[in-house]
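Right, one structure below, let's go through it.
The values are calculated or read from the model by the stated rules, or taken from the named source; none is laboratory data. The structure presented is a predicted model; accordingly, all values stated were derived computationally and were not measured. Ideal geometry is used to build each Cβ from the backbone, glycine not excepted, and the neighbour counts take in all protein chains shown. Please note that ligands, DNA and RNA were not included when accessible areas were found on the heavy atoms of the full protein model with its side chains. Shrake-Rupley method; radii C 1.70, N 1.55, O 1.52, S 1.80 Å.
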Amino acid sequence: MAQEIERKFLVIGEFKSSAFAQSRIVQGYISSARGRTVRVRIRDDKGYLTIKGASNASGTSRYEWEKELALSEAEELMRLCEPRIIDKTRYLVRSGKHVFEVDEFYGENEGLIVAEVELESEDEAFVKPDFIGEEVTGDIRYYNSQLMKKPYKTW
């Protein structure tokens, strides 16, 4: 079973000048039920289907399965998705031996910027870049599947 272990933070400072890569992401949800989401993502010119299970009590760890799809298949599956999509640019920023994925949201989630770091274990140490603010790991409001239902601009 593939286990995703990550921590999530609000971004409070400048990060774009430190990014070594970026990509545009549009994603929708075939199922956004809490504890079992099925996501369709188009990242630049590739498609992905991802299934995620329920998070543990801390919100740090959960099951994740992902399969790359042809762009045409992802575009077809997007038509099955629930109303509303997530639209964002993802920036990759190195910090120590880790890479932070910084997502700048658009549309109804404009103004929200979050950073995630994937870890090997829940207690693994990592170097926080200067742009990292409050930790929001486990706060379901910041899950993309929840941002689709209750966008940031409505808070």
* **the chain - charge dipole about Cα centre, Lys and Arg +1 at Cβ, Asp and Glu -1, debye rounded to 20** => 440
* Structure fact -> Normalised Cα Rg of the range 14-95, dividing by 2.2 N^0.38 Å with N its residue count, works out at 1.21
* To do: Report the Stokes-Einstein translational diffusion coefficient (µm² s⁻¹, integer) for the chain, Rh taken as the Kirkwood radius over Cα pairs, at 10 °C with viscosity 1.306 mPa s.
  => 99
* **Net charge, Lys150 excluded, C-beta distance under 14 Å - Lys, Arg +1, Asp, Glu -1** => +2
* Linear extension gain, Arg43 paired with Lys67, 0.36 nm per residue minus alpha-carbon span -> 7.4 nm
* Asked: What's the carbon and sulfur percent of the range 1-58's accessible surface, probe 1.4 angstrom, rounded to a whole number?
  -> 52
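How high is the relative contact order of the chain, in percent, counting Cα pairs under 8 Å that sit 6 or more residues apart? Spell out each step's value before the answer.
Values: 345 pairs, mean separation 47.4, N = 155.
Contact order relative to length: 31 percent.
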* Ignoring ligands, DNA and RNA, how do Arg34, Arg41, Arg94, Arg84 rank by accessible area with a 1.4 Å probe, largest first? -> Arg34, Arg94, Arg84, Arg41
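With all protein chains present, how much of the accessible area of the range 92-155 (probe radius 1.4 Å) comes from carbon and sulfur, to the nearest whole percent?
Values: 1490 of 3350 Å².
Carbon-and-sulfur percentage of accessible area, whole number: 45.
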* How much net charge surrounds Gln27 when only the other residues with a Cβ under 13 Å from the Cβ of Gln27 are counted, with Lys and Arg +1 and Asp and Glu -1? -> +3
* **Cα-only radius of gyration and Dmax that characterise the range 5-47, units Å** => 14.1, 37
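By per-residue mean of other Cβ atoms within 10 Å, what is the highest-first order of 18-26, 85-93? Let's see the in-between values first.
Working: 18-26: 14.0, 85-93: 18.8.
Top to bottom by mean Cβ count within 10 Å: 85-93, 18-26.
Report, in debye and to the nearest 20, how large the dipole of the range 1-55 comes out about its Cα centre when Lys and Arg carry +1 and Asp and Glu carry -1 on their Cβ. It would help to have the intermediate numbers written out before the result.
Values: 11 positive and 5 negative charges, 42 e Å.
For the range 1-55, the charge dipole is close to 200 debye.
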* Report P(r) for the range 104-155: all Cα-Cα distances, bin width 5 Å, range 0 to the bin holding the largest distance, values in whole percent. => 4, 16, 26, 22, 16, 9, 6
* **Dipole magnitude of the range 78-134, debye to nearest 20 (Cβ charges: Lys/Arg +1, Asp/Glu -1, about Cα centre)** => 300
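Any idea of the accessible area per residue across the chain, 1.4 Å probe, to the nearest Å²? Intermediate results must be reported in sequence, preceding the final value.
On the way: 8310 Å² over 155 residues.
Per-residue value: 54 Å².
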* Dipole of the chain, positive direction: furthest Cα of Phe15, Tyr48, Val102, with charges on the beta-carbon -> Tyr48
* Asked: With all protein chains present and a 1.4 Å probe, how do Glu76, Glu104 order by accessible area, largest first?
  -> Glu76, Glu104
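Could you put Glu73, Glu124 in order of accessible surface area, largest first, with the 1.4 Å probe and the full protein assembly present? Could the numbers behind the result be given before it?
Working: Glu73 90, Glu124 30 Å².
Ranking Glu73, Glu124 by accessible area, largest first, yields Glu73, Glu124.
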